[in-house]
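Please treat every number below as a calculation from the coordinates, not as lab data. Just so you know, these numbers come straight off a predicted model, no measurement behind them. In this analysis, Cβ positions are derived from the backbone assuming ideal geometry, glycine residues included, and neighbour counts consider all displayed protein chains.
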Amino acid sequence: EITEILDSKIDHQHWNCQLLYLVKWAGYKGTNEETSWLLATELDHASKLILDFHSTCPEKPGPYHLPF
């Protein structure tokens, strides 16, 4: 279970520039697995967390920053 979105970035290493979110996982505190980068497309179930993240960090990349 994801407890928080910590950061976002656009991965420019792929031809289609993918949006990634750094997520914090429940139950993994203090381990190497506590956080991981996930594609935005994998976070459909976490839309409230994404909205909360962008409301506190509006300057961070989001779906509106992706090139067409």
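Sites listed here are chymotrypsin sites (Phe, Trp or Tyr not before Pro) in segment 1-59 whose DSSP assignment is loop and whose Cβ has at most 10 other Cβ atoms within 10 Å: Trp15.
Summing charges over all other residues whose Cβ lies under 13 Å from the Cβ of Cys17, with Lys and Arg as +1 and Asp and Glu as -1, gives 0. About its Cα centre, the dipole of the chain is roughly 120 debye, where the only charges are +1 on Lys and Arg Cβ and -1 on Asp and Glu Cβ. Just check segment 2-61 against the gyration tensor rule for me: Cα atoms, a ≥ b ≥ c as the square roots of the eigenvalues, rounded for a/c under 1.5, and otherwise prolate or oblate depending on whether a/b exceeds b/c. Oblate, because a/c is 1.5 or more while a/b does not exceed b/c. Exposure proxy ranking for Leu6, Leu49, based on other Cβ atoms within 10 angstrom of each Cβ and starting from the fewest, stands as Leu6, Leu49. For Lys24, the aspartates and glutamates whose Cα falls under 17 Å of its own Cα, not counting residues fewer than eight places away in the same chain, are Glu1, Glu4, Asp7, Glu33, Glu34, Glu42, Asp44, Asp52.
Loop-located GluC sites (Glu not before Pro) in the chain (DSSP state other than H, G, I, E, B) with a sparse environment of at most 11 neighbouring Cβ atoms within 10 Å: Glu1, Glu33, Glu59. Scanning residues 5 or more positions from Leu6 or on other chains, those with amide H under 5 Å from its amide H are Leu22, Val23, Lys24, with H placed 1.01 Å from N in the peptide plane.
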